[in-house]
Amino acid sequence: MRILLVDDQRSLRRSLALMLQNAGYDTADAASGKDALELLAGGPFDLVITDLRMEGMSGIALLQEIKRSKPGLPVILITAYGSIETAVDAMRLGAFDYLTKPFSERDILDKIHASQALQVFVPIPGQMPAAGNRQIKTDIVATTPQMRALLIKIDRLAYTDISVLITGETGTGKTKIARLIHEHSRRSDEPFVSINCASVPEQLLESELFGHVRGSFTGATDSRVGLFEEADQGTIFLDEIDTLSPAMQAKLLSVLQDRQLRRVGSNKPKTVDVRVISASNQDLGDLIDRGHFRSDLYFRINGIRLQLPPLRDRQEDLRLLLDSFLLRYEIKYGRQSLHITPDALTHIMAYPYPGNVRQLENFVEQMVVFADEAGAINLDTLPEDLLQYHPHAMEGAVPSEPAVSGTLAGSERVLIENALRKHAHLSDVARELGIGRTTLWRKIRDYNLTRSGADIK
């Protein structure tokens, strides 16, 4: 794979080239958009990675020129956090994806891998509706740039058969996204089968996934079709795939590689045609580093990765989600003219929601049930967790960083500080907080946190 790197800063071009060359990629680099177009005209490339802001021709202008001359060539934009809005607009113009500075080696390699995989799995031209004629229809609230970018990605990948890995904290809506992908895929008329891998005992999981024949183990009084066979021609969703044991990871990998399975107790293979969507609330890269997850299985399920942001990073969506859930439960419980008092709303908007969208929805249902006869949702109506949280208590501890502000950041800082005091290793801190190590490192840096008497490991 040959990659063209475009940036007006030589040091960034060289460091990025070295990183990709060490990973086995062939690279060329250009100091400007004009130079990049000349290189593209002179030889074949498989991917362009360009900075968004450059002297002379911007990354957006370069993207537009590439889409005119080489519409099938994927382009990844590199942007600062504050320019995500522009990067999302670029995705609408045809950019494959974007990377936010600073990014890790694994971040960029995942994007490159996804660009390769999507090109392999795109259907024959003419069989796939043009992007401009498709529209993802969903009730998912997506006001923030990150969520809008997510819907653009779903629009592009849904019609293909590429495997998808959905990551994000508990309660961010991974199952809903999986269903959305299936509903907009060419398999939408076929079964959508879902299983939470953590909810089935290890000794029963193989039978649940692949089926069994009569007499294959104690209690197997009849033969049974597994979930992979049930999902044939459709989609199977493997939630919490990070909980699989090493033995089950090996068996799943074999099925994904060969597209064949054997029921427990049978030597007869059966071919299945299934699209696989997986989900994890843990950092699989971290699990691979620690020897708990197979790297070959990771690359099988990680055709394209969709990272769902936590609710605390979706402040623009919070009020819209609140109103949406209020309407849903007003109708369900026959309540009318409900309204939230200002002091109650302050608590609701400032709460950090460690349980994310699912927790907000549970809170709203309780509020609707206990609203007073006049329809007021006040402090007496709020769930206990919200009442115990004091939105103004941490204002003095909020750092002055531009990327994080307000009472929500103050609460998050305290949560991270407490977890750092409890654990000796960052992997344990990240696990308690329900975030990845990369996200944790960024937040430690943003809040300028240190641990007295202990090194960060």
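Taken together, the values in this text are just the output of simple stated rules run on the coordinates, not laboratory data. As the structure is a prediction and not an experimental result, all values here were calculated from the model. Virtual Cβ from ideal backbone geometry, glycine too; neighbours counted across all protein chains shown.
Tabulated data for the structure shown
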item: Nonlocal amide H pairs with Arg305, under 5 Å, H built at 1.01 Å; result: Leu165
item: Equivalent-ellipsoid semi-axes of the stretch 137-285, from the Cα gyration tensor, Å, largest first; result: 30, 17, 12
item: Whole-Å distance, taken between Cα centres, linking the stretch 326-368 and the stretch 146-163; result: 30
item: For the stretch 321-388: rounded, prolate or oblate by the Cα gyration tensor [a/c cutoff 1.5]; result: oblate
item: Radius of gyration, Dmax [the chain; alpha carbons; angstrom]; result: 24.2, 74
item: Note, ³J(HN,Hα) from phi for the stretch 286-293, Karplus 6.51, -1.76, 1.60, rounded to Hz, x at Gly and Pro; result: 5, 5, 5, 4, 8, x, 9, 9
item: Per-residue ³J(HN,Hα) for the stretch 345-351, Karplus 6.51 cos²θ - 1.76 cosθ + 1.60, θ = phi - 60°, Hz, x for Gly and Pro; result: 5, 4, 5, 4, 6, 8, 5
item: Antiparallel DSSP beta bridges within the chain, as percent of all bridges there, nearest 5; result: 10
item: Span from the the stretch 207-285 Cα centroid across to the the stretch 29-56 one, whole angstrom; result: 45
item: Residues whose placed amide H lies under 5 Å from that of Tyr98, excluding near-sequence neighbours; result: Leu77
item: Rounded to whole Hz, the Karplus (6.51, -1.76, 1.60) HN-Hα couplings of the stretch 92-97, x for glycine and proline; result: 5, 7, x, 4, 6, 6
item: Residues whose placed amide H lies under 5 Å from that of Ala30, excluding near-sequence neighbours; result: Leu5, Val6, Asp7
item: DSSP-defined antiparallel bridges as percent of all bridges, the stretch 144-309, nearest 5; result: 15
item: The chain: calculated mean residue ellipticity at 222 nm from DSSP helix runs of at least 4, using -39500 (n - 2.57); result: -13500 deg cm²/dmol
item: Neighbour-count ranking [beta-carbon atoms within 10 angstrom, fewest first] of Leu18, Leu253, Leu47; result: Leu18, Leu253, Leu47
item: Overall form of the stretch 1-99 per C-alpha gyration tensor (a/c, 1.5; a/b vs b/c); result: rounded
